[in-house]
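The values are calculated or read from the model by the stated rules, or taken from the named source; none is laboratory data. This one's a predicted model, so the numbers in the text were calculated from it and none came from an experiment. Quick reminder, even Gly has a Cβ in these numbers, built from the backbone with ideal geometry, and neighbours come from all protein chains shown.
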């Protein structure tokens, strides 16, 4: 499979499952309504697992512009491919989000609260404070990227060995995303991925959904810029520690 197609398909699947669980928890009259934060964070982690399994052998399963950017900064990925990976991830995120809307359309229609209608698309702060919201996204993404460097660079004994064992190799990232959600996700909804937030937010703004309310564009830069800053800092620290 072409690496760009792999990024597109896997990101779409990740968003379908990740944003899908949010829809299942918050929308009216679903089987999972009000099942809570543990359900959301667990399903999001498993959504990442599924996506990594699909894309890993073909593209490295970045699934996230912050990951792609960090690997390029760390001289572990070609800069020439960065724009195309990001476009594939953004397109996949939009596609997955659109599928969530189609899948749960009856429940979107049955839900009166515009905020709940928006939640399965994009993240938003529990308490709006743009400085602390930005800090949350920077820190959450920093943890994601910094730990990923040590997962992909693991060594066993004297011989470098990938975290392989087939699909089991996706488990470390799964646990990483899960713990970030459980520990650091309560402030902003832990976008930690510009495509994951921006793509679905664009879809929310253009779909003909009655009573959908605002797409909250004044906030939208935070889950884009925050992850970029966090990823860049993680990559630079990794380079410094590696050289040192």
Only one of these is under 17 Å from residue 43 (Cβ atoms) and modelled with pLDDT of 95 or more: 217, 178. Name it. 178
Lone unmet requirement of (1) part of a helix (DSSP H, G or I); (2) in contact with a helix residue (DSSP H, G or I) (Cβ under 9 Å, 6 or more places away or on another chain); (3) farther than 27 Å from residue 151 by Cα for residue 106: (2)
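With 228, 180, 192 as the choices, which residue is over 21 Å from residue 17 (Cα atoms) and within 14 Å of the chain's Cα centre (by Cα)?
The match here is 228.
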Give the residue, chosen from 138, 148, that is in contact with a helix residue (DSSP H, G or I) (Cβ under 8 Å, 6 or more places away or on another chain), crowded, with 21+ Cβ neighbours inside 10 Å, at pLDDT below 95 and under 27 Å from residue 172 (Cα atoms). 148
Kindly evaluate residue 72 against the criterion of being at pLDDT below 95 and more than 22 Å from residue 185 (Cα to Cα). no
Looking at segment 122-141, can you tell me whether even one residue there is assigned to a helix (DSSP H, G or I) and farther than 21 Å from residue 220 by Cβ? no
Restricting segment 202-225 to residues that are within 21 Å of residue 131 (Cα to Cα) and either in contact (Cβ under 8 Å) with a residue 40 or more places away in the chain or part of a loop (DSSP other than H, G, I, E, B) (or both), which is nearest to the chain's Cα centre (by Cα)? 223
Residue 173 passes all but one of (1) touching a helix residue (DSSP H, G or I) at 6+ places or on another chain (Cβ under 8 Å); (2) more than 27 Å from residue 132 (Cβ to Cβ); (3) modelled with pLDDT under 95; (4) in a helix (DSSP H, G or I); which number fails? (2)
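Which of the residues that make up segment 24-38 are closer than 20 Å to residue 99 by Cα and part of a helix (DSSP H, G or I)?
Matches in segment 24-38: 24, 25, 26.
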Any residue at all in segment 60-67 that's in a helix (DSSP H, G or I) and over 22 Å from residue 172 (Cα atoms)? no
For segment 62-71, enumerate the residues that are in contact (Cβ under 8 Å) with a residue 40 or more places away in the chain and more than 12 Å from the chain's Cα centre (by Cα). 69, 70, 71
